[in-house]
Each structure stands twice: as C-alpha cells, then as structure tokens.
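Working notes, beginning with the structure itself.
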Ligand SMILES: Nc1ncnc2c1ncn2[C@@H]1O[C@H](COP(=O)(O)OP(=O)(O)OP(=O)(O)O)[C@@H](O)[C@H]1O
Ligand SMILES: [Mg+2]
C-alpha cells in the first residue's frame with residue numbers, strides 16, 4: 001500500500017481529510033513563537049477568546065519523511081481526546097496502520113493461547129465433599145483404555161488420597177513438591193493398578209501449598225502448560241481429581257477439560273448442592289468449544305426406597321446430562337483399606353459393573369463427541 005494511502009486512512013479515522021494538509025520540505029525551519037507570559041507576576045487569567053490558537057502541528061510518519069503540516073489548527077490531534085478518538089484507541093489504530101504497511105507485528109498485549117493438548121481430559125468435580133470423586137477417578141484410571149493409549153490419573157487435591165486408591169503411598173512424589181515451576185512432571189509419574197499411571201499431589205506443608213496456590217491464582221494456564229510438556233498422544237487420557245467446591249485447582253482443570261463429570265449422591269444435601277455446582281461451572285460451560293458436562297449419581301443404595309425416589313428426581317433434574325448411576329458397592333469401599341484395585345473383582349460386582357458401563361459411555365463421548373453438552 002502507498003504511503004499516502006496510509007495517511008489518508010489514518011486521517012479518515014480521525015474524521016479529517018488529507019486535502020486539508022499541505023506537504024512541505026523536511027528542511028522546514030520551525031520557529032516557535034514566544035507566547036505572552038500572561039501569568040508572569042500579573043496574576044490575571046485571559047478570557048478564552050484571547051488564548052492563542054495552537055501552533056500548526058507537525059506530524060511525521062516516516063523515518064525520512066516528507067513532513068505533513070496541518071494547514072489549520074487540528075484540535076482533534078492537539079487535544080487529549082485524540083487518544084480515544086471515535087471508539088477505537090489511537091494505539092490500536094497506529095498498530096493497524098503499521099500492519100497494513102506490512103510485516104510489523106502488533107505490539108498490543110495479547111492473551112496467551114491455551115497450550116494444545118492432544119490427550120483427552122476428564123475432570124471429576126463436586127460442590128460437596130465425600131461423594132466418591134477420588135474413588136471414581138482411580139476406578140476410571142484403571143478402566144479407561146482407549147485403543148493403545150495410556151491413562152494418567154492426576155491428583156489436584158491437597159488431601160493427596162488418589163495415589164492410595166491406585167496402590168501407591170505417601171512416598172510417591174507429587175506435583176506440589178516440585179521445586180520449580182519449570183520442572184517437568186515426567187519424573188513424578190508412578191505406575192498404579194491395571195497399567196494406570198498416577199501423578200500424585202504430594203505431601204505438602206502449608207507454606208508449600210500456599211505458594212503453589214498463589215502461583216495458580218496468577219497463572220490460569222499453569223496446568224495446561226505442565227501437561228503439554230508431557231507430550232501425551234491423542235489416544236491418551238488424563239483423569240483429574242479435584243477438591244470439592246470452588247478452588248484454584250478446579251479453575252485450572254476446567255481450562256483444559258474435554259469432559260466435566262459432576263458426581264452426586266442420591267441424598268437431599270447432594271441434590272441441593274447441584275445448583276451450586278451449576279453456578280461454579282457456568283462460566284466455563286458457556287465458552288466457545290466448551291467441555292461436555294455430565295453427571296453421575298454415586299453410591300446409590302438400592303435397598304432404600306427413599307434413595308431410589310431421589311434417584312428418579314435427580315434423573316429428571318439432570319436429563320441428558322446424566323451419564324451413569326453407580327450403585328453402592330462394599331467391594332469398592334473396601335478396596336482402599338485392603339490396597340486392592342477397586343475393579344479387580346471377578347465376576348464383577350454391581351458397583352464395578354456400573355463403573356465399567358460409565359467408562360464405555362465416557363470413551364464413546366471422547367471418541368465421537370456425540371452427546372449434548374451444555375447446562376440446560
Ligand atoms: N460406589 C461406591 N460404593 C460404596 N462406597 C463408595 C462408592 N464410591 C465411593 N465410596 C466410598 O465413599 C467414601 C468417599 O469417597 P472419596 O474419598 O472417593 O470421596 P471424595 O469425593 O473424593 O471426597 P473428598 O471430597 O473429600 O475428596 C469412601 O469411603 C469410599 O470408599
Ligand atoms: Mg477426594
């Protein structure tokens with residue numbers, strides 16, 4: 001584009017026109033007129049009409065320019081309102097002009113892009129504690145095997161319980177103990193039950209935990225970057241355990257979730273907490289290309305009519321979001337105590353069978369993305 005076009009564009013943005021300017025030679029001798037010192041000891045303020053008009057303003061848009069001089073006072077340029085002339089800030093207009101001239105990159109601050117993760121991410125969440133998130137994350141990590149892919153269970157809960165569900169111990173190193181923000185997590189991964197892999201939270205004292213949470217507060221893509229460094233494949237799956245309620249850990253996980261799995265019990269307290277969960281998730285589930293939101297009812301006690309009735313109410317409440325119901329299963333609850341894989345029992349117990357059914361639905365969703373996603 002020709003330079004004069006640039007200038008025409010610039011002035012038209014200000015509501016001016018190029019015709020009102022004349023070109024002069026760069027050797028123009030600019031002589032500043034001495035303005036009468038109204039206030040020099042006289043202490044009088046002149047009326048507005050007596051204030052001299054602004055001097056013609058020289059505008060240079062070229063390193064070796066033909067200088068443009070306004071033929072008449074250009075108050076829009078001389079006044080501070082220039083900075084926001086029209087609805088577009090001047091800084092942006094200038095960047096656009098530079099870009100049109102070719103090859104000059106924008107200098108405006110841009111939001112960092114979310115690092116691209118090839119692996120699929122399932123985030124297990126609840127507004128209320130003790131509903132079975134950690135148990136379910138461990139069971140899913142054992143059960144999910146997407147053709148040839150690996151499954152990584154990641155604990156974002158300072159309780160650091162997930163590793164225990166996968167056959168590990170508090171000795172397993174964790175992400176909170178990692179010395180530097182730039183440390184790769186590769187060395188922290190441990191093998192859990194049934195070929196699963198586990199990244200523990202780790203045993204972190206108060207100062208370490210607070211320091212980590214401060215880091216997450218300031219950098220909402222911290223988790224995304226850490227996982228991107230693991231170079232996971234498209235067939236790999238990450239299942240993330242989160243603490244209950246609104247936390248920095250939940251916020252980090254929701255940035256990268258493909259599926260958000262809300263866990264609830266079939267009881268009155270859990271039922272009311274579903275509204276709270278909806279509110280927590282709403283900002284993330286209203287985004288473009290947002291995660292799929294699904295609900296699972298856990299620990300259903302089929303021997304009690306009240307639980308069955310509440311389950312029916314929950315089914316109506318969640319509609320298409322309901323992805324599964326896991327019945328109460330003592331084999332699952334005892335697996336942690338005995339250090340067993342919760343899905344190892346053969347033939348499969350009823351709760352384990354429900355987890356396997358849920359696994360099938362999740363894998364289908366990750367593969368085809370067919371089910372409806374947003375909050376109703
Ligand atoms: N399907 C199930 N059948 C029977 N017991 C279960 C089932 N799922 C989970 N439990 C039991 O429920 C209890 C709570 O489980 P868990 O610790 O996984 O919950 P959580 O949601 O992770 O808790 P928190 O919010 O504190 O992290 C545990 O005793 C666990 O064994
Ligand atoms: Mg837990």
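The values are calculated or read from the model by the stated rules, or taken from the named source; none is laboratory data. Just so you know, these numbers come straight off a predicted model, no measurement behind them. Glycine also receives a Cβ, built like all others from the backbone with ideal geometry; neighbour counts cover every protein chain displayed.
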**Item:** Failed item in (1) farther than 11 Å from residue 125 by Cβ; (2) surrounded by fewer than 17 Cβ atoms within 10 Å (Cβ to Cβ); (3) modelled with pLDDT of 95 or more, with residue 246 passing the rest
**Value:** (1)
**Message:** I'm told residue 323 meets every condition in (1) farther than 18 Å from residue 121 by Cα; (2) touching a helix residue (DSSP H, G or I) at 6+ places or on another chain (Cβ under 6 Å); (3) in contact (Cβ under 8 Å) with a residue 24 or more places away in the chain; (4) buried (at least 16 other Cβ atoms within 10 Å of the Cβ) except one. Can you identify the failing condition by its number?
**Reply:** (1)
**Prompt:** Mind checking whether some residue in the stretch 292-306 is assigned to a helix (DSSP H, G or I), assigned by TED's automatic domain parsing to the domain that holds residue 132 and under 20 Å from residue 364 (Cβ atoms)?
**Reply:** no
**Prompt:** Out of all the residues in the stretch 252-302, which are within 16 Å of ligand 2 (Cβ to nearest atom) and more than 22 Å from the chain's Cα centre (by Cα)?
**Reply:** 264, 265, 270, 273, 296, 298, 299
**Item:** Counted residues, the stretch 110-167 - those being under 22 Å from residue 284 (Cβ atoms) and out of contact with any strand residue (DSSP E or B) (no Cβ under 7 Å at 6 or more places or on another chain)
**Value:** 13
**Message:** Just to confirm my filter: which helices (runs of 4 or more DSSP H) fall fully inside the stretch 183-278 and include at least 2 residues that are within 17 Å of residue 293 (Cα to Cα) and in contact with a helix residue (DSSP H, G or I) (Cβ under 7 Å, 6 or more places away or on another chain)?
**Reply:** 248-254
**Complete:** When the stretch 278-303 is checked residue by residue, the ones that are under 15 Å from residue 319 (Cβ atoms), at pLDDT 95 or above and touching a strand residue (DSSP E or B) at 6+ places or on another chain (Cβ under 6 Å) are 292, 293, 294, 295, 296, 297
**Of residues in the stretch 151-166 being more than 8 Å from ligand 2 (Cβ to nearest atom) and over 23 Å from the mean Cα position of the chain (by Cα), the one nearest to residue 192 (Cα to Cα)** = 166
